[in-house]
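Presented below is the structure to which this report refers.
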Amino acid sequence: DAIAGASTSDPFSLPTEGIGSGVIFDANGWILTNHHVVEGSDKLTVKLKDGRELDGAVYGVDTLTDLAIVKVEGSSLPSTKIGDSSTIRVGQLAIAIGSPLGTYTNTVTSGIISALGRSITVQSGRINNLIQTDAAINPGNSGGPLLDASGTVVGINTAVAGSAQGIGFAIPIN
């Protein structure tokens, strides 16, 4: 699901508003995303795959892990199953879902778990114990799920290596 995304009729232009993705982890409207996706937002719009747009509010943030909880009003919303990131291994299938560039909603990419326990430096500091994957992660995928082969969430996509291609990072769901 897209969070804080702006729509545009030109597929080659980037939205002027913040863009990102998220995971509905509870059918009553609880969404997990990245802190950097919602940071500084005064209004959040959550766009569901079925076309509905819901107003969202930031419920809580954790700047150390770059995670945020967003709440929308609703019930019986489509939600996903949370997995166990302690069971993943290097070489396993990795599936990333998100809305890259805020334009290509519900994009699915695949790759492998390339490494575990990575650390990166970001604008707000350092994030540790990340999952590295070569599944394509682009701006707008932040906050979206990293899934294992059974379709359960094992991570939250958060960053890419800017000086390389095919190096993405996710926060372990545990």
* Please verify whether segment 57-64 includes one or more residues that are over 18 Å from Asp26 (Cβ atoms), open to solvent by 70 Å² or more (accessible area, probe 1.4 Å) and in a loop (DSSP other than H, G, I, E, B). => yes
* To do: Return yes or no: is Ala96 more than 18 Å from Ala115 (Cβ to Cβ) and either open to solvent by less than 80 Å² (accessible area, probe 1.4 Å) or aliphatic (A, V, I, L, M) (or both)?
  => no
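Go through segment 143-161 residue by residue and tally those that are of a type in the set (Ser, Thr, Tyr) and open to solvent by less than 20 Å² (accessible area, probe 1.4 Å).
Let us first name the residues in segment 143-161 that are of a type in the set (Ser, Thr, Tyr), namely 150, 152, 158.
Pick out the ones that are also open to solvent by less than 20 Å² (accessible area, probe 1.4 Å) and you get 152, 158.
Number satisfying all stated conditions: 2.
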* Asked: When both residues are 6+ apart or on different chains and their Cβ atoms are under 9 Å apart, which pairs have a first residue that lies in segment 39-63 and is farther than 20 Å from Ser99 by Cα, and a second that is open to solvent by 80 Å² or more (accessible area, probe 1.4 Å)?
  -> Val61/Glu39; Thr63/Glu39; Thr63/Ser124
* Structure fact -> Taking segment 66-92 and the residues there that are closer than 13 Å to Gly151 by Cβ and hydroxyl-bearing (Ser, Thr, Tyr), the one that is surrounded by the most Cβ atoms within 10 Å (Cβ to Cβ) would be Thr80
* Structure fact -> Within segment 104-147, the residues that are in contact with a helix residue (DSSP H, G or I) (Cβ under 6 Å, 6 or more places away or on another chain) and in a strand (DSSP E or B) are Thr107
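The values are calculated or read from the model by the stated rules, or taken from the named source; none is laboratory data. Since the model is a prediction, treat every value here as computed from it, not as a measurement. Positions of Cβ are backbone-derived with ideal geometry, glycine not excepted, and every protein chain shown enters the neighbour counts. Heavy atoms of the whole protein, side chains included, go into the accessibility calculation; ligands, DNA and RNA do not. Shrake-Rupley method; radii C 1.70, N 1.55, O 1.52, S 1.80 Å.
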